[in-house]
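Q: My questions will all concern the structure given below.
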Amino acid sequence: MDLMRRTLLKGMGSTGVLAAALAAGVLRPTQVFAADWNKAAFEAKDFAGALKGIGVGSTAESKDLLLTAPEIAENGAVVSVTVVSKIPATSSISVFVEKNPMPLSAHFQFANGALPEARVNLKMGQTSLVKVVAMANGKAYMTQKEVKVTMGGCGG
Amino acid sequence: MADPMKIRATVSGDVCDIKVLMSHPMETGQRKDSDGKIVPAHFIQTFTIAVNGKTVVDGGCGPSVSRNPVFGFKAKGPKAGDKVTVTWTDNLGDKRSDEATVA
Amino acid sequence: MNTSKPLLLALLFLSCAIARAEGDYRAQALAVIKHDFHDRGQATIDRLDNDAVQYVCNRYSNDPPSDLSDMLEAEQLDTVKFPADGKLLGDWKKGEKIAQSGAGFTWTDRPGLPVGGNCYNCHKISPKEISFGTMGPSLYRYGKRRGTSLSVQKDTYAQIYNAKGYKLCSPMPRFGHIGALTEEQIKDLVGLLLDPESPVNQ
Amino acid sequence: MKQAIARFAAALALAALLPQLADAKTPPAKTPPAKAAAAPEEKDAATAEFEKFRAILEEDNPAELFEAKGEDLWKQKRGPNNVSLERCDLGLGAGVVKGAYVQTPRYFADADQVMDIERRIAWCMEKLQGFKRADLVKKPFSTDDYTPDLVSLVTYVASESRGLPVAIPQRHPKEVAAYKIGREIFQYRAGPYDFSCATCHGEDGKRIRMQQLPNLLEKRDAMRAYAGWPGYRMTGGLMHTLQWRMNDCFRQQRFPEPGYLSDAVTDLLTYLGANANGNIYKGPGIKR
């Protein structure tokens, strides 16, 4: 909720500049609301830091946050992760790979009829917990699952 | 200029399934090439999905999203014939925008 | 390979002669291979030549007559060079690393780098490694089942050194015989399989 | 060593007298019992898990990006002659793309050769568009920052056979010869590790590490070699064709390198492909 509002405010605050860019054909309308990249969150080196980066202090485990990920990944380069939130008023979902050098992988903000669901493919350097955090009405909910990353092929 | 995306949006019932394939190396900046040199980071940082100009998903990515990213979302509201626009921006300032029609 | 020139000539001659009688496809295949493959890195075209074991296994589709395989197996077993100090049980921790690695001998490998044992590609070994192949038998509890007597140690060492001494057309490479694994490395693998401390025998 | 040679020569002489030498057939050494029961529990669980997620990944396969690119390349006027490939005959008549992939390798009279799809498209690029062969074969495989046009083209052409049965012809004598030579190449053991293709792909239900290996000596498994290629490979995130697959198998086999678009590779692909005849091809796939 928070992030979305900030984005919108920012968009409105610089309306003049954007209007000019639009007129000049530099920007397409959909880019107007593109959120800035959350550098602090994405570059955080651990899960706690990444959480802080997205403005979350503590999380509550939730069974209404459903995470589908393989128990053993065939290949750590492409780990398919699907998240569905059944928590009412979910506004965003963030996906973390705890043991990656920078745990936050992706962050999705939903609006205008989007259901709080997302599928994304992730790179995992090693066996790790995949953690998912959903925001709803200013509260953070969390679920997690371990994904084993193994060596495959001939390795030669 | 990056290669075009592949966007698929299909309505079944009152839910629209939106799938996006993006053509992008998603370099982490931590990988070494065969000569042992670090390959500089190059990854999509933000993207938006809009239906008829209204944003439905605002996304942020780290470099650990897989190469040639695949995203799947669902939305209530879009109807056949609506325009889906996807736009991404990467860390080097490259942008790409593509459109598809909801089927 | 470790085959000498006269032997190769004899092989070539015989293989041509025999294959022609077979409808020529084997000879044609060999000619196509020799024509179409080229050197790359350390993988040079002389690798396409057969030594006696390869020749016989090719010739008999890996099922040679027993008198022939008995004789050649004995010869292969003769090639095993045991360590001079008589010590065969190496460091299982190092052995585990060697067992994990599949490096070596491809055209993308730099020649001379330590070569891996490729063991997990085909065998279950330590229960801690869940990514293992099933081409070969499970080696889990290898030592627990056999004990660590000197004869078991020698047998284990020799099988890694030259598996063809046991089964002529075994799919397993002759790691010691071809100089892929050093004496030290094979000892460490023996350790991995036999040492009571090794996770293999827990 | 001398002694060994003498003994070996004697063995050969003995062998030469044996009647089975005249047998032209090369059956697999020992037929393993119907279903390999050696499958440990872990295998089943892991394999089931892989297959489940493979299905999810296949739904949105980045290979589609290369199909689209290949279609563009096919239709664009390109090369020194500034023509498109829409006059290229892939075996079903000039310009017919639909169904061509599942019917190659095949014999092409104009080239008097059996050609697999990649070789044929390269031939068209050379003869119709005027590209130089040397340029086409210089960097044949996908790398981090480069996907050869041929790879995208093959991916597009393959996508146009989605849902069709594999029907690789075995009519022309050169098609038959390619199959038989391919079978011999498949079983030829050599190199420092004594490997042939069949060493790893000649038994049922085996795997290397976690990777299930198709038994390519058996027709019922043959589709597993043909299916899913060209494939988007998760390792590296690169699009690869069967020409690449053969090349990298020989690398792992510790053989020297097979020539790109060479007879040896076409023969192997004829053997593997024709064994898969009758199976439905599902289009470009996703590979580990």
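Q: If N is the number of residues in chain C, what value comes out of its Cα radius of gyration divided by 2.2 N^0.38 Å?
A: 1.13
Q: Holding the Cα-Cα limit at 31 Å, pick out from A:Lys45/B:Lys54; B:Lys54/D:Lys52; A:Lys148/B:Lys76; A:Lys131/D:Lys287; C:Lys34/D:Lys127 the pairs that are longer than that.
A: Distance filter (> 31 Å) returns A:Lys45/B:Lys54; B:Lys54/D:Lys52; A:Lys148/B:Lys76.
Q: If you consider only alpha-carbon coordinates, what radius of gyration and Dmax does the protein assembly as shown have, in Å?
A: Cα radius of gyration and Dmax of the protein assembly as shown are 28.9, 95 Å respectively.
Q: Separate question: Quick one: putting +1 on the C-beta of Lys and Arg, -1 on the C-beta of Asp and Glu, what dipole do you get for chain B around its Cα centre, in Debye to the nearest 20?
A: 200 debye
Q: Based solely on C-alpha atoms, express the radius of gyration and the Dmax of region C:67-118 in angstrom.
A: 15.4, 41
Q: Can you compute log10 of I(q)/I(0) for region D:203-288 with the Debye formula, treating each Cα as one identical point scatterer, at q = 0.23 Å⁻¹?
A: Summing over Cα pairs of region D:203-288 leads to -1.42.
Q: Go through C:Lys124/D:Lys180; D:Lys75/D:Lys180; D:Lys69/D:Lys174; B:Lys32/D:Lys282; A:Lys63/A:Lys123; D:Lys174/D:Lys206 and tell me which ones have a Cα-Cα distance over 28 Å in this structure.
A: Exceeds cut-off: C:Lys124/D:Lys180; D:Lys75/D:Lys180; D:Lys69/D:Lys174; B:Lys32/D:Lys282; D:Lys174/D:Lys206.
Q: Can you compute the charge dipole magnitude of the protein assembly as shown about its Cα centre, using +1 on each Lys and Arg Cβ and -1 on each Asp and Glu Cβ, nothing else charged? Give it in debye, rounded to the nearest 20.
A: Dipole magnitude for the protein assembly as shown comes out near 700 debye.
Q: Report the relative contact order of chain B, percent, no decimals, based on alpha-carbon pairs under 8 angstrom and at least 6 residues apart.
A: Computed over chain B, the figure is 33 percent.
Q: Oh, and also: So which residue, out of B:Lys76, B:Lys19, B:Lys37, gets the largest mean-square fluctuation from a GNM of chain B using Cα contacts under 10 Å as springs?
A: B:Lys37
Q: Whole angstrom only: what separates the Cα centroid of region B:24-51 from the Cα centroid of region C:34-54?
A: 39 Å
Q: Okay, moving on. On average, how many beta carbons from a partner chain sit within 10 Å of the beta carbon of a residue in C:44-53?
A: Mean shielding count: 4.
Q: Next up: Can you give the mean number of other chain Cβ atoms that lie within 10 Å of the Cβ atoms in peptide D:242-255?
A: What the average comes to for D:242-255 is 4.
Q: Right, here's the next one. Please compute the net charge surrounding D:Tyr271, taking Lys and Arg as +1 and Asp and Glu as -1 over other residues with Cβ under 12 Å from its Cβ.
A: -1
Q: While we're on this one: Which number do you get for Rg(Cα) / (2.2 N^0.38 Å) in region C:92-201?
A: Taking N as the residue count of region C:92-201, the ratio is 1.00.
Q: Need one number: the % of Cα-Cα pairs in region B:6-101 sitting beyond the 23 Å mark.
A: I get 31 percent for the Cα pairs in region B:6-101 exceeding 23 Å.
Q: Quote the convex hull volume per residue of region A:37-149, based on C-alpha atoms, as a whole number of Å³.
A: About 90 Å³ per residue, rounded to a whole number.
Q: Next question, about the same structure. With unit charges on the beta carbons (Lys and Arg positive, Asp and Glu negative) and the dipole taken about the Cα centre of the protein assembly as shown, which residue among A:Met151, A:Ser92, C:Trp92 sits farthest to the positive side?
A: A:Ser92
Q: Just to be sure I understand: with springs between alpha-carbon atoms less than 10 Å apart, which residue in C:Pro127, C:Pro171, C:Pro137 has the highest mean-square fluctuation in the Gaussian network model of chain C?
A: C:Pro137
Q: Could you tally the net charge around D:Pro80, taking each other residue with its Cβ under 14 Å from the Cβ of D:Pro80, Lys/Arg +1 and Asp/Glu -1?
A: Net charge around D:Pro80: +3.
Q: Suppose only helical runs count, i.e. DSSP H with n ≥ 4. What mean residue ellipticity at 222 nm does that imply for chain C under -39500 (n - 2.57) per run, divided by all residues and rounded to the nearest 500 deg cm²/dmol?
A: After summing the helix terms and dividing by the residues of chain C, the value is -13500 deg cm²/dmol.
Q: Taking the alpha-carbon distance from B:Lys19 and a cut-off under 20 Å, which aspartates and glutamates remain once sequence neighbours fewer than 8 residues away in the same chain are dropped?
A: Candidates past the 8-residue exclusion: A:Glu117, B:Asp3, B:Asp58, B:Asp82, B:Asp90, B:Asp98, B:Glu99, D:Glu58, D:Glu59, D:Asp60, D:Glu64, D:Glu67.
Each reported figure results from applying straightforward, stated rules to the coordinates on display, with no laboratory input. All of these numbers come straight from a predicted model, not from anything done at the bench. With ideal geometry, Cβ positions are generated from the backbone for all residues, glycine too; neighbour counts draw on all protein chains shown.
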